[in-house]
Amino acid sequence: MTGSARAPRRKDALSRGLIIQTAIEILDSGGEKALTLRALTVRLGTGYGAIYHHVADKNDLLATATDDVIAGVLSGVVADADARTALHRLALGLFDAIDAHPWVGAELSRQPWRPALLDFYESIGRLVDALGVPEEARFDAAGTLVNYVLGVAAQNAANARLLAGSDTDRETFLEDAATQWAQIDPGRYPFVHAAATRLGEHDDREQFLVGVDIFLAGISVLR
């Protein structure tokens, strides 16, 4: 007998939802390069025709998987939470989702206005309205917060992807960076030099939330 053994064909119905969930699992474990239609057919025990019946191609898979992750963030926000609490949960929910699925950040940079992201933007806008921000400032306020959340989350994911491809973990990387900052000329870079001690011990998630609170403090001035 030659060649590799084929995975047994599945006997139950194949759904688009199952395909997307399986794609997410492959993306989480191996990144975008690991997601191929071949990998899906093997994992699901099906043929190419069954996959193509539900999705057009790999790009469709990536886009839909991204929408699925963001939709999960939106569904996790309690409807009766006050606007400030809900904004915290939305912002942190997206940050955590991109941290857990770094490929989402990369996909959003390629297609920044996915349908689910529009839902996220809509949710932010309504909550900004609920905080009493004047109509003339609402567009800028909502857009600024969305850009902050996406920008920081995507950068955090990019850092994680970079470190994943090296032999250095986050703690070691920050310690090395802090050592370099501490050696910088304090006369020319007094702030950077002083911040060296904080760089090595700071928590990205906590720092992200501080940024959200600074934004919300600014909103209170608009009211």
message: Val133 - would you say it is at pLDDT 90 or above, surrounded by 19 or more Cβ atoms within 10 Å (Cβ to Cβ) and either outside the structural domain of Val73 (by TED's automatic domain parsing) or closer than 19 Å to Leu222 by Cα (or both)?
response: yes
- request: For residues that are of a type in the set (Lys, Arg) and either surrounded by 12 or more Cβ atoms within 10 Å (Cβ to Cβ) or modelled with pLDDT of 90 or more (or both), tally how many sit in the range 206-223.
  value: 0
- prompt: How many residues does the range 90-118 hold that are assigned to a helix (DSSP H, G or I), free of Cβ contacts under 8 Å to residues at least 60 places away in the same chain and either in contact with a Phe, Trp or Tyr (Cβ under 9 Å, 6 or more places away or on another chain) or loosely packed, with under 15 Cβ neighbours inside 10 Å (or both)?
  reply: 6
query: Hey, does the range 183-193 have a residue that's aromatic (Phe, Trp, Tyr), surrounded by 15 or more Cβ atoms within 10 Å (Cβ to Cβ) and in a helix (DSSP H, G or I)?
result: no
Wholly within the range 22-81, helices (runs of 4 or more DSSP H) carrying at least 2 residues that are within 16 Å of the chain's Cα centre (by Cα): 58-75
field: Flag if Gly76 is out of contact with any His (no Cβ under 9 Å at 6 or more places or on another chain) and loosely packed, with under 14 Cβ neighbours inside 10 Å
entry: yes
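Can you pull out every residue in the range 163-182 that is assigned to a loop (DSSP other than H, G, I, E, B) and not β-branched (Val, Ile, Thr)?
Those that are assigned to a loop (DSSP other than H, G, I, E, B) and not β-branched (Val, Ile, Thr): Gly165, Ser166, Asp167, Asp169.
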task: Could you list all residues from the range 136-151 that are over 14 Å from Gly218 (Cβ atoms) and aliphatic (A, V, I, L, M)?
output: Val146, Val149, Leu150
Meets criteria (at negative phi and either β-branched (Val, Ile, Thr) or surrounded by 12 or more Cβ atoms within 10 Å (Cβ to Cβ) (or both)) for Ala178: yes
message: For Asp176, only one of the following conditions fails: (1) farther than 21 Å from Ala100 by Cα; (2) touching a residue at least 24 places away in the same chain (Cβ under 8 Å). What is its number?
response: (2)
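The values are calculated or read from the model by the stated rules, or taken from the named source; none is laboratory data. If you're wondering where the values come from, they're calculated on a predicted model, not measured in any experiment. Cβ: placed from backbone, ideal geometry, glycine included. Neighbour counts: every protein chain shown.
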